[in-house]
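The values are calculated or read from the model by the stated rules, or taken from the named source; none is laboratory data. What you are looking at is a predicted structure, and each value in this text was computed from that prediction instead of being measured. Ideal geometry is used to build each Cβ from the backbone, glycine not excepted, and the neighbour counts take in all protein chains shown.
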Amino acid sequence: MESQNELTIIEQKARRRKITQNTVIYALLTIWGLCVLFPFYWMVLSSVKSYSEYSSEYVPKFYTAAPTLQNYIDAFTADNLGRYLLNTLLFTLITTGVMLVVTILAAYAFARIEFAGRELVFLIFLALMMIPNELVIITNFVTITNLDMRNTFAGLILPSITSVFYIYLLRENFAQVPSELYYAAKVDGTSDIKYLVKVMVPICKPTIITITILKVIECWNSYVWPRLITDDSNYFLVSNGIQEIRENGLGRENIPAMMAAVVVVSLPLIILFLIFHKKIMEGVSRGGTKG
């Protein structure tokens, strides 16, 4: 009887310890979440404040009694935000589409097609990841300039259609597909392209979706390369277009309208991530796990 009471006391202590640990963990996570989300809240809040209300606040307020959507109207009418969004959409769709074709074909070649020096070539390919992006940007800038492709969509797109990391990620995923499927398909007379499209791509769909989403985010947030290669506003993306709007459109003082423009630019990526975040995590975990 005493041993049962002692066991009960030990279980109660362990349960209380567990509850305390969970409480501390969730409290810290809540604080961290608030710290991460606060800048987004402040951005949206500022975007719905009128210019007079924002300018008259000597002490910033964490609410507004008279929200307005006028800043969003000003953001679209004051300068070429609509054109910048269209340019970014075209750049993102074309770059992502071409990159997917290149990545899938390259990953399949490294994973399934036998050719002399395959592993050595792939090792050298991976070594490219060690080269700083700044050096690649300089080389790309000189090449695109010499080809007279500045201020063109081709000049914006070409340096972004390959990614060593995405090829590596998809190649590892392709390598997990049993080789017996490939040999059986070859016995049936299936071509490599048909096997790739009908078998490999459907099996590795989560990783391909992950690569697609990550590339879309990368293109949408691209800043340094578009800034270097374009000085014509007709080819500006939202990344450098926002700066142009701030300098020559809305002005440096109209912070609420600038915040509205930033909300419009950020919203598509936030929605995209909220919809597909589970697939992103699934694809990354599958791509990095063998067996």
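Residues in the stretch 184-198 that are surrounded by 15 or more Cβ atoms within 10 Å (Cβ to Cβ) and either more than 16 Å from Val101 (Cβ to Cβ) or among the basic types (Lys, Arg) (or both): Ala185, Thr190, Tyr195.
Matching residues to (1) farther than 30 Å from Val238 by Cα; (2) surrounded by 14 or more Cβ atoms within 10 Å (Cβ to Cβ); (3) at pLDDT below 85:
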| position | (1), (2), (3) |
| --- | --- |
| Met99 | no, yes, no |
| Leu120 | yes, no, no |
| Phe125 | yes, yes, yes |
| Met130 | no, no, yes |
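A residue that is farther than 26 Å from Ala154 by Cα, at pLDDT 75 or above, surrounded by fewer than 21 Cβ atoms within 10 Å (Cβ to Cβ) and not charged (D, E, K, R) occurs somewhere in the stretch 276-285.
Considering the conditions (1) touching a Pro at 6+ places or on another chain (Cβ under 9 Å); (2) exposed (fewer than 15 other Cβ atoms within 10 Å of the Cβ), Leu156 is excluded by exactly one of them, (2). When each of Tyr63, Tyr84, Tyr108 is tested for being of a type outside the set (Asp, Glu) and outside any helix (DSSP H, G or I), the lone residue that passes is Tyr63. Among the numbered conditions (1) more than 30 Å from Tyr235 (Cβ to Cβ); (2) among the hydroxyl-bearing types (Ser, Thr, Tyr); (3) in contact (Cβ under 8 Å) with a residue 40 or more places away in the chain, the only one that Tyr183 does not meet is (3).
Within the stretch 170-222, the set of residues being of a type outside the set (S, T, N, Q), at pLDDT 85 or above and not in a helix (DSSP H, G or I) comprises just one member, Cys204.
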